[in-house]
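A.B. asks: Pasting in a structure now, in structure tokens, and then I'll have a few things to ask.
The values are calculated or read from the model by the stated rules, or taken from the named source; none is laboratory data. All figures in this text were calculated on a predicted structure; none of them were measured in a lab. Quick reminder, even Gly has a Cβ in these numbers, built from the backbone with ideal geometry, and neighbours come from all protein chains shown. With ligands, DNA and RNA removed, areas are computed over all heavy atoms of the protein, side chains included. Shrake-Rupley method; radii C 1.70, N 1.55, O 1.52, S 1.80 Å.
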2 protein chains.
Amino acid sequence: MDVQSVLLGFLMKKSMTGYDLKKAFSISFLFFSGLSYGSIYPALRKMENQGMISKRLEIQDGAPNRKVYTITEAGKRAFLDSLRSPFAFELPKSTFLMRLFFFAHLPPEERRAFARQHLDSIEQLRAQLESARPEVEAHADRFQYLCFQFGLRFYRDMSGYVSELIDTLGVEEIENGE
Amino acid sequence: MDVQSVLLGFLMKKSMTGYDLKKAFSISFLFFSGLSYGSIYPALRKMENQGMISKRLEIQDGAPNRKVYTITEAGKRAFLDSLRSPFAFELPKSTFLMRLFFFAHLPPEERRAFARQHLDSIEQLRAQLESARPEVEAHADRFQYLCFQFGLRFYRDMSGYVSELIDTLGVEEIENGE
DNA sequence: TTGACATATATCATCACGATATATATCGTC
DNA sequence: GACGATATATATCGTGATGATATATGTCAA
């Protein structure tokens, strides 16, 4: 599932502009990483050249003209193919774990401060995600709702890991008489 | 924590070649995403130009010559700075969730097949990680061991999520009389 | 002896990201 | 009414990560 397939997936439902696609993605995957215009517009141009989508120019008064993209039959086939393409589990990457890996180079109080800061950002994102629940319940199909629940659980568990880490860091300092 | 900082982190412990660094990273972060030569060699060249590391050529008989990199005082300062630099939580990205998001376009049996396949790859990675425990226990400091435990928990929880998803998919099919 | 695997370096095309630029409209507020 | 923030909408640019590939040689087992 690359950028192209995701865009096609949204276009399966309705025709949209690049701007609309960015918004749709941000709302649907607010708990996961975003999609920038630097990826969207080049992908749209490429897919148009490949005949997967067609463009309709909507002249607007005052506001910038809209370029509304519609998925073609070839695009639909490409989307379904990519949805069925062999699936490789992707190893996640975590900047926090990279820092933890080198924690020995930091004094104890800085270690704890970092862990607390990390917990704060997780909790903040979790609250943000939780507050989006009504909108998700209103618009998502049952699989999209499952995605949302995945996200919530992920943040809940991450929060748990880091809380325990903070406890561990505290105990080690007491043991060392700090 | 970008590629440069991670490489500096490993070089804090001992001098190494690009090849050694790739191996060290793969072993330490076997549960998280890798680092390719296409990132390592350009980063080493750049850091050498910036005076963060110094190079020593070791002529070898037969085998390719080794370029052994050693961290400089400037490099140590840069590493500690980056370890303390403001920390932004990075949103993870999951190809599996992207597929799940569009599951409505697939027939039920393909949905289940994908979920099972995903569970298999997670379990496989988990087993692989578990089998590395002795080596980790032998070589890692306590923070690096915490990283390892983070990894194990992550895979354990992921496995739980996907197992439940498979159950959910099964129940829905029974409800629909499939 | 043949093929797989380990050592070791390096580059290349592709492409995602984040920042920035350019315009206009709207909406609240001081 | 002026001002600033936010929304609509397109697009490009530099930086840099990824994965594949190229190039050599040595070793070890089938």
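A.B. asks: Considering only B:Q60, B:Q128, B:Q50, give the residue with the highest GNM mean-square fluctuation for chain B, with springs between Cα atoms whenever their separation is below 10 Å.
C.D. replies: Its mean-square fluctuation being the largest, the pick is B:Q60.
A.B. asks: Using Cα springs under 10 Å in a Gaussian network model of chain B, which residue among B:S159, B:S36, B:S15 shows the largest mean-square fluctuation?
C.D. replies: B:S36
A.B. asks: Rounded to the nearest 100 Å², what is the sum over both chains of accessible area buried where A meets B, with a probe of 1.4 Å?
C.D. replies: Roughly 7000 Å².
A.B. asks: Under 8 Å for C-alpha pairs, at least 6 residues apart: give me the relative contact order for region A:95-175, rounded to a whole percent. Could the numbers behind the result be given before it?
C.D. replies: On the way: 30 pairs, mean separation 37.2, N = 81.
Worked out over region A:95-175, it gives 46 percent.
A.B. asks: How do A:R66, A:R111 rank by accessible surface area computed with a 1.4 Å probe, from largest to smallest?
C.D. replies: Result, largest first: A:R66, A:R111.
A.B. asks: Take every Cα-Cα pair in the protein assembly as shown and report what % of them are more than 36 Å apart.
C.D. replies: 34
A.B. asks: Moving on to the next point. Alpha carbon centre of region A:30-66 versus region A:96-168: separation in Å?
C.D. replies: 32
A.B. asks: Considering only protein heavy atoms, what is the solvent-accessible area of B:H139 at a probe of 1.4 Å, reported in Å² to the nearest 10?
C.D. replies: Here the residue's solvent-accessible area equals roughly 130 Å².
A.B. asks: Working with all protein chains in place, sort A:R153, A:R84 by solvent-accessible area computed with a 1.4 Å probe, largest first.
C.D. replies: Solvent-accessible surface, decreasing: A:R84, A:R153.
A.B. asks: Something else: How far apart are the A:R133 label points across copies, placing each 7 Å from Cα toward Cβ, in nm, shortest first?
C.D. replies: Counterpart label points of A:R133 in the remaining copies fall at 3.6 nm.
A.B. asks: Sticking with this one: By its C-alpha gyration tensor, with a ≥ b ≥ c as the square roots of the eigenvalues, how is region A:1-72 shaped: rounded for a/c under 1.5, else prolate for a/b larger than b/c, else oblate?
C.D. replies: Verdict is oblate for region A:1-72.
A.B. asks: Separate question: Sum up the charges of everything whose Cβ sits under 12 Å from the Cβ of B:Q149, counting Lys and Arg as +1 and Asp and Glu as -1, but leave B:Q149 out.
C.D. replies: +1
A.B. asks: In what sequence, largest accessible area first, do A:Y41, B:Y19, B:Y145, B:Y155 appear using a 1.4 Å probe?
C.D. replies: B:Y19, A:Y41, B:Y145, B:Y155
A.B. asks: Would you calculate a helix-derived [θ] at 222 nm for chain B, using -39,500 (n - 2.57) for each DSSP H run of n ≥ 4 and dividing by the full residue count, to the nearest 500?
C.D. replies: It comes out at -22000 deg cm²/dmol, rounded to the nearest 500.
A.B. asks: Between A:I59, A:I166, A:I27, where does the largest GNM mean-square fluctuation fall for chain A, given springs only between Cα atoms within less than 10 Å?
C.D. replies: Of A:I59, A:I166, A:I27, the Gaussian network model singles out A:I59 as fluctuating most.
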